[in-house]
């Protein structure tokens, strides 16, 4: 009779090969085969360790190790985690990790086939609603929506209907005095057109500037200076001092209103006065401004015709 080879785990965790006669196999056919979880439990018990101690070392939860030993694959996270747990657990216990992983895959595949065989398909009759029920639900929803819309329109229509006023005859019999109708409101534009705009008073004429009083006939100083281009005219009392480039004194007196001084045609002359606004300068007989600001002193003002012309041009 033919013989076959049987693989089992020895006491050291390795695979033990044993050739069995078919008669021995037939005798052991009814004996249940050990799972990977049972082998892991036996190996742990031989080492005399408990699951809590191994869980702390391997960093694997105790309930996961217990599920491996019980072959309760449904309590484990997934296939990849189960293979990793078995490999780590087997290596720690000194078993052949690769052989344990292969046996685990076989057990998982067997259980998967059994689970797939027990899947039941629901019959087409087990639907939530029959086709007629779906149509009825749609019609019911449309009816509810229409009813809500009709109610909304009716309420608005009732609220918008005007109240008919009480006839005058009935009001007189009931002793009620009807309120007179309010006059129509006049548009703002019509009111503005009906109300005449006030006539504005004509603007008052601006007061005329007082005419400058003519200067009195005063003294004319420096009349001997022929070919002169600059003349000083006093409008108010002020001291006038005219010096030459060599500090030569040409004029030093108080000029009264109407007095004038014909400046000699010499380069380098300067004018100093106690009131710049009192002395007017004439260039070639034309007004060329004043010697300074009114009430302010002016010192060493150039009397060269070119300088006077430039001051007049620049204001």
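The values are calculated or read from the model by the stated rules, or taken from the named source; none is laboratory data. In this text the structure is predicted, and so the values were computed from the model without any measurement. Don't worry about glycine lacking a Cβ; one is built from the backbone with ideal geometry, like all the others, and counts go over all protein chains shown.
Per-structure values
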item	result
Tally of residues being out of contact with any helix residue (DSSP H, G or I) (no Cβ under 6 Å at 6 or more places or on another chain) and surrounded by 19 or more Cβ atoms within 10 Å (Cβ to Cβ) across the stretch 235-249	2
Candidates 131, 77, 124, filtered to the one that is assigned by TED's automatic domain parsing to the domain that holds residue 37, out of contact with any helix residue (DSSP H, G or I) (no Cβ under 6 Å at 6 or more places or on another chain) and either modelled with pLDDT of 90 or more or surrounded by fewer than 16 Cβ atoms within 10 Å (Cβ to Cβ) (or both)	77
Qualifying residue in the stretch 302-311 (condition: in a strand (DSSP E or B) and more than 60 Å from the chain's Cα centre (by Cα))	yes
Members of the stretch 270-285 that are touching a helix residue (DSSP H, G or I) at 6+ places or on another chain (Cβ under 9 Å) and surrounded by 19 or more Cβ atoms within 10 Å (Cβ to Cβ)	281
Residue list for the stretch 286-308, restricted to those being within 15 Å of residue 229 (Cβ to Cβ) and either surrounded by 12 or more Cβ atoms within 10 Å (Cβ to Cβ) or at pLDDT 90 or above (or both)	286, 287, 288, 289, 302, 303, 304, 305, 307, 308
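Yes/no per residue for (1) more than 19 Å from residue 107 (Cα to Cα); (2) modelled with pLDDT under 90:
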position	(1), (2)
29	no, yes
34	no, yes
45	yes, no
50	yes, no
54	yes, no
63	yes, no
69	no, no
73	no, yes
85	no, no
